[in-house]
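The values are calculated or read from the model by the stated rules, or taken from the named source; none is laboratory data. Just so you know, these numbers come straight off a predicted model, no measurement behind them. When we count neighbours, we look across all protein chains shown, and the Cβ atoms used for this are built from the backbone with ideal geometry, even at glycine.
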Amino acid sequence: MLDLKKCTVRWDTENYIPKKVSDFETPPLKGSPKTIAKKFLKENLGVLKISASINDLTFEKTVESIGASTVLFQQHFQGRPIHGAWVAVHINRGKRVFMVKNDTVPAQKLKRQLPKAKAVFLSSSKINATIRKKAKEFGDLTTAIKKESMLYVLKGQIKHVWKVKFGTKKPAGSWILFVDKTNGQIIEERNILKKIIGKGRVFRPNPIVTLDRDDLFDKKDADQEIFDKAYKRVKLKGLHTDGYLKGSYVDTTNTPNNVRSLNYEFVFTREDDRFEEVMAYYHIDTIQRYMQSLGFRGNRGILDKPIKANVHGGFDDQSYYDPSPGKKDLTYGDGGVDDAEDADIIAHEYGHALQDAIVPGFGQTDEGRAIGEGFGDYLAGSFYYEYKKKSRRVKIAEWDAKGFAGGPQEYLRRLDSTKHYPEDMEGEEHLDGEIWSACLWEVRRLLGKKRADTVILESHFYLNQYSDFRDGAEALILANKNVFNGWRSKALKKIFERRGIL
Ligand SMILES: [Zn+2]
């Protein structure tokens with residue numbers, strides 16, 4: 001049995017539940033990850049203060065990463081699964097359990113909150129009609145609509161929902177929706193489906209870097225002769241056959257007046273609004289393929305499905321990933337330099353999407369949000385490293401910064417901040433994110449690009465939506481242990497000790 005006194009424990013202070021227990025290792029256990037996890041849970045139900053009975057924890061799946069197997073159980077209540085109420089048992093390659101996460105909802109709380117909701121359900125004929133209508137908006141139906149009654153925990157509120165599944169053609173899709181039983185609204189949607197190689201032209205990552213000049217400006221989105229040498233011819237992989245920039249990992253079709261090319265040629269210059277669509281498609285697709293080359297593919301994949309990107313999302317100089325249920329898409333603004341003309345910005349926002357894909361709802365704490373910003377900057381810095389001259393490698397979004405409303409700037413943020421934790425925290429996630437990105441940048445220097453990128457991505461599998469800097473640092477050390485046998489582990493820990501995080 002676990003002895004919590006000998007482990008590191010993060011408590012859910014609201015429900016007084018140990019929501020994360022780490023810093024322990026069981027002896028090697030026999031059997032499949034599922035068998036091991038079940039045995040471990042059975043023994044430790046009381047220690048973990050899980051008030052649901054073991055029969056209400058249903059095995060869902062085993063998620064494989066490079067260094068670990070994560071076995072997920074879903075809590076049920078009165079026969080209905082609770083979406084968002086999970087127990088995760090993490091098992092290393094030596095078949096030892098090294099961490100457990102527990103987001104179960106106390107049985108008492110369920111009993112208190114649930115009866116109220118039932119009175120306000122839509123009638124079954126009304127809800128069926130609503131679901132049928134919504135399903136048709138996704139395409140021509142190719143299967144029957146299946147639905148399953150569930151509970152869904154959203155920001156502390158428990159909702160009765162239908163989990164709805166169906167297939168479509170035009171566009172081809174295999175869909176899962178979560179529909180609120182009280183009002184018929186979709187609170188989450190997913191497509192679980194799939195090509196062609198097109199030709200494109202892009203900046204990689206941006207003209208300031210490629211031309212090594214700081215005297216270039218937006219000039220109202222005009223093409224300028226100087227840019228001729230900054231354009232790169234590239235292949236656009238994984239395209240569907242309908243002529244849109246829509247493929248295995250990216251879909252830009254929710255951009256206003258989106259591009260269509262039936263011969264799959266997407267060769268434009270920057271003054272053409274379609275240029276930014278090519279940018280988003282190419283850069284997101286190449287980052288996804290790079291992650292797959294590291295080993296995050298197949299059942300270890302991370303967001304290996306098309307993410308929607310609107311590359312002309314408005315006049316604000318602002319871009320964002322929208323994690324809300326039913327959206328989970330990217331928007332790039334046009335203020336100043338079009339944001340999607342700078343691949344650093346494209347990568348940064350995709351970083352948010354990756355985190356949310358591994359840990360839905362990532363960044364519920366201030367430090368979690370700073371991890372989000374820091375990771376996005378790191379991803380851009382690491383991915384485009386080889387295209388940047390030495391002095392520019394620590395600078396993020398140099399091209400975007402030339403179009404700032406207050407006047408041109410050298411860069412948006414840096415990766416070599418000397419800020420120290422906690423005294424340099426300002427409570428603003430982008431500024432505090434420089435503390436995190438600087439740590440990651442040191443990790444990269446220590447482990448090298450491929451190892452660092454792998455460990456940093458792997459570490460996200462050990463986090464949850466409430467994780468903070470300390471969790472992030474501990475997860476990185478665990479990830480390095482699981483994937484690379486703890487190579488340079490001491491020096492890795494020192495990075496976070498020097499920074500004040502550990
Ligand atoms: Zn951000």
Inset, instruction - Confirm whether TYR231 is closer than 30 Å to GLY298 by Cα and either modelled with pLDDT of 90 or more or buried (at least 22 other Cβ atoms within 10 Å of the Cβ) (or both). - result: no
Inset, instruction - Could you list all residues from the range 200-229 that are farther than 15 Å from TYR411 by Cα, hydrophobic (A, V, I, L, M, F, W, C) and under 31 Å from the mean Cα position of the chain (by Cα)? - result: VAL202, PHE203
Inset, instruction - Sort out which residues of the range 475-491 are of a type outside the set (Lys, Arg) and not in a loop (DSSP other than H, G, I, E, B), and write them in order of number. - result: ALA475, LEU476, ILE477, LEU478, ALA479, ASN480, ASN482, VAL483, PHE484, SER489, ALA491
Inset, instruction - For the range 281-292, indicate whether the set of residues that are in a loop (DSSP other than H, G, I, E, B) and crowded, with 19+ Cβ neighbours inside 10 Å is non-empty. - result: no
Legend entry - Among (1) more than 26 Å from LEU151 (Cα to Cα); (2) in a strand (DSSP E or B), the one test that LEU29 misses: (2)
Legend entry - Which listed residue is closer than 14 Å to ALA370 by Cα and outside any helix (DSSP H, G or I), from GLY472, GLY500, GLY427: GLY427
Legend entry - Options ASP356, ASP366: the member that is away from the ligand (no atom under 12 Å from the Cβ), under 18 Å from ASP471 (Cα atoms) and in the same structural domain as GLU434 (by TED's automatic domain parsing): ASP366
Inset, instruction - Scan (1) part of a strand (DSSP E or B); (2) surrounded by fewer than 20 Cβ atoms within 10 Å (Cβ to Cβ); (3) touching a helix residue (DSSP H, G or I) at 6+ places or on another chain (Cβ under 8 Å); (4) of a type outside the set (A, V, I, L, M) for the single condition LYS95 breaks and write down its number. - result: (1)
Inset, instruction - May I ask you to verify whether GLY376 is of a type in the set (Gly, Ala, Ser) and either outside any helix (DSSP H, G or I) or within 12 Å of the ligand (Cβ to nearest atom) (or both)? - result: yes
Inset, instruction - Output the qualifying pairs, or none if there are none: Cβ atoms under 6 angstrom, residues six or more apart or on different chains, first residue in the range 376-402 and assigned by TED's automatic domain parsing to the domain that holds TYR290 and at pLDDT 95 or above, second residue within 16 Å of the ligand (Cβ to nearest atom) and among the polar types (S, T, N, Q). - result: ASP377/SER437; TYR378/SER437
